[in-house]
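Novice: Okay, handing you the structure first.
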C-alpha cells in the first residue's frame, strides 16, 4: 500500500501527459512557454483569483510575496509554530522576525487568540507587525473568517499559505482568494502536484501581481535586460506546467474522491480515535488524513502495529518550529505554545489519495480498531 499513490494517477493520465510533454519537446520553449500562460489562466478559472503567477516552488512563492510587500528588518511576521519550516524560513531571508503563534487543538490551524497576543507582544518588543501567514494545514483552510478581521484591525497583510490546501473552500470561496496574497506548492506529494518542484501565487491586486511577476524573473522591467529591481530566478518550467494542466483537469474529481476516503475513515474510526474535524462551511482537500492519539506512547504503539501490517503512516510534524535548532531564538506567544507542543506528540497521518481502494481502507481501519 502506498501512502500517496502517484503511480495510480499517472497510469490514468499517462496518454494525455505524454502528449503534453511531446508538445513541449516539439516547440522547445522550455522556460515560460505557452503552457505556463495556459496554466495560469486555468488556475485563475479554478479558484477565482484575478492573477495567478507560477513560480519555481512553494517556498519561493512565499518569499516573492514578502518581497512584493517590502518586508524588511524590524518587521514582525506571524507564523504558526505547528507547520513545515518553509512558512517561517522565508521571513529571516527578508531581515524580518518570525513570531511563532500557537495552533488550535481541534483543527491544528492558527489560533486567532494566540495571534492577538503575539501582535501585542511584538509591538512591546519594538517590532512593527506587518504580515500574518496562516497555513491551510493538512488541506483544511485556516479560519480566515476570524483571522482576516483581526488582520484589518491590527494593520496586517494576510498571506494565505495554501501549500497543502489549494482547492479547499470556506462557503463559496476557494483557497487562492483568501487574504491579499495566497501561495501554494506543486511539490509531487501535494494534492495538486507536478513531477518536480513548482509553486504559484494568487492575488486580486494588480500592483502586487506586477511586482511578483517582475521579482520572479530577476526584477525585469518591460525589457528583460532592463532590471528595474533586485529580483530572483523563480520561473516554473514549461514541462511542469504541461503536466499540471492535465492534473488540474481532473482535480475537482480527485477532491471528491478524497472526500469519500476521509468520510469512510471517519465513519469507521470516530468511536475509537480523535478523527479530523472540518468546521461548518469548510471543505478540506485532505492533503493528509491525520488522527490524534492519546499521547506519544499510544501513537508509537499504533504506528508500530500499522508497520507490522505493511501499512505506511507518517508524523507531520514531530517537532514544532520553536523547538527546532534554527528557530529557538525567535519570539513566541507570551503564554507559550502548549498546544503545538502537545499535538506534535499525538498526531499521525494515514494513507490518503484519490485512488485508495476500499479494500486498502478496510485494511487500515481493521488495524486501528484492533484491541
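Novice: Being closer than 30 Å to residue 109 by Cα and in a strand (DSSP E or B) is true for just one of 46, 78, 3. Which residue is that?
Specialist: Only one candidate qualifies: 78.
Novice: Every residue in region 288-299 that is in a loop (DSSP other than H, G, I, E, B) and either modelled with pLDDT under 95 or crowded, with 16+ Cβ neighbours inside 10 Å (or both), please. Show your work before the answer.
Specialist: Going residue by residue through region 288-299, those that are in a loop (DSSP other than H, G, I, E, B) are 288, 293-295.
Scanning region 288-299 gives 288, 293.
Novice: I'm trying to understand the selection: among the residues of region 59-75, which are in contact with a strand residue (DSSP E or B) (Cβ under 7 Å, 6 or more places away or on another chain), assigned to a loop (DSSP other than H, G, I, E, B) and more than 13 Å from residue 132 (Cβ to Cβ)?
Specialist: Residue satisfying the conditions is 74 alone.
Novice: Residues 108, 138: which one is out of contact with any helix residue (DSSP H, G or I) (no Cβ under 8 Å at 6 or more places or on another chain), at positive phi, surrounded by 18 or more Cβ atoms within 10 Å (Cβ to Cβ) and at pLDDT 95 or above?
Specialist: Values: 108 fails: out of contact with any helix residue (DSSP H, G or I) (no Cβ under 8 Å at 6 or more places or on another chain).
Just a single option satisfies the conditions, and that option is 138.
Novice: Follow-up. With the checklist (1) within 30 Å of residue 173 (Cβ to Cβ); (2) at pLDDT below 95 in hand, flag the one item residue 9 doesn't pass.
Specialist: With (1) within 30 Å of residue 173 (Cβ to Cβ); (2) at pLDDT below 95 applied to residue 9, the lone miss is (2).
Novice: Continuing with the same structure: Inspect region 331-353 for any residue being without any contact (Cβ under 8 Å) to a residue 40 or more places away in the chain, in a loop (DSSP other than H, G, I, E, B) and out of contact with any helix residue (DSSP H, G or I) (no Cβ under 8 Å at 6 or more places or on another chain) and give the result as yes or no.
Specialist: In the first step, residues of region 331-353 are kept if they are without any contact (Cβ under 8 Å) to a residue 40 or more places away in the chain; the result is 341.
If we keep only those that are in a loop (DSSP other than H, G, I, E, B) as well, we get none.
Within region 331-353, not a single residue is without any contact (Cβ under 8 Å) to a residue 40 or more places away in the chain, in a loop (DSSP other than H, G, I, E, B) and out of contact with any helix residue (DSSP H, G or I) (no Cβ under 8 Å at 6 or more places or on another chain).
Novice: Next up: For region 87-103, enumerate the residues that are in contact (Cβ under 8 Å) with a residue 60 or more places away in the chain, out of contact with any strand residue (DSSP E or B) (no Cβ under 7 Å at 6 or more places or on another chain) and either crowded, with 20+ Cβ neighbours inside 10 Å or assigned to a loop (DSSP other than H, G, I, E, B) (or both).
Specialist: Scanning region 87-103 gives a single hit, 102.
Novice: When you scan region 305-314, do you find a residue that is assigned to a loop (DSSP other than H, G, I, E, B) and under 24 Å from residue 88 (Cα atoms), even just one? Step through it out loud before you land on a result.
Specialist: Of the residues in region 305-314, the ones assigned to a loop (DSSP other than H, G, I, E, B) are 309-313.
Going one step further and asking which of them are under 24 Å from residue 88 (Cα atoms), we end up with none.
Within region 305-314, none of the residues are assigned to a loop (DSSP other than H, G, I, E, B) and under 24 Å from residue 88 (Cα atoms).
Novice: Those residues that are in a loop (DSSP other than H, G, I, E, B) and surrounded by 24 or more Cβ atoms within 10 Å (Cβ to Cβ), I need them from region 227-243; list them, please.
Specialist: 236
Novice: Another one. What number goes with the only condition from (1) surrounded by fewer than 18 Cβ atoms within 10 Å (Cβ to Cβ); (2) in contact (Cβ under 8 Å) with a residue 60 or more places away in the chain; (3) within 30 Å of residue 309 (Cα to Cα) that residue 9 does not pass?
Specialist: Evaluating residue 9 over (1) surrounded by fewer than 18 Cβ atoms within 10 Å (Cβ to Cβ); (2) in contact (Cβ under 8 Å) with a residue 60 or more places away in the chain; (3) within 30 Å of residue 309 (Cα to Cα) leaves (1) as the failure.
Novice: From 302, 285, 275, grab the single residue that is modelled with pLDDT of 95 or more and either closer than 24 Å to residue 113 by Cα or in contact with a strand residue (DSSP E or B) (Cβ under 6 Å, 6 or more places away or on another chain) (or both). Even if it seems obvious, please write down each step before you answer.
Specialist: Numbers: 302 fails: either closer than 24 Å to residue 113 by Cα or in contact with a strand residue (DSSP E or B) (Cβ under 6 Å, 6 or more places away or on another chain) (or both); 285 fails: either closer than 24 Å to residue 113 by Cα or in contact with a strand residue (DSSP E or B) (Cβ under 6 Å, 6 or more places away or on another chain) (or both).
Exactly one residue qualifies, and that residue is 275.
Novice: Another question, then. With respect to residue 224, is the statement that it is in the same structural domain as residue 13 (by TED's automatic domain parsing), free of Cβ contacts under 8 Å to residues at least 60 places away in the same chain, more than 20 Å from residue 47 (Cβ to Cβ) and surrounded by fewer than 16 Cβ atoms within 10 Å (Cβ to Cβ) true? Let's see the steps before the verdict.
Specialist: Working: in the same structural domain as residue 13 (by TED's automatic domain parsing): yes; free of Cβ contacts under 8 Å to residues at least 60 places away in the same chain: yes; more than 20 Å from residue 47 (Cβ to Cβ): yes; surrounded by fewer than 16 Cβ atoms within 10 Å (Cβ to Cβ): yes.
For residue 224, the condition - in the same structural domain as residue 13 (by TED's automatic domain parsing), free of Cβ contacts under 8 Å to residues at least 60 places away in the same chain, more than 20 Å from residue 47 (Cβ to Cβ) and surrounded by fewer than 16 Cβ atoms within 10 Å (Cβ to Cβ) - is met.
The values are calculated or read from the model by the stated rules, or taken from the named source; none is laboratory data. Just so it is clear, the structure is predicted and the values come from calculations on it, not from any experiment. So basically every Cβ, Gly included, is an ideal-geometry build from the backbone, and we count neighbours across all protein chains shown.
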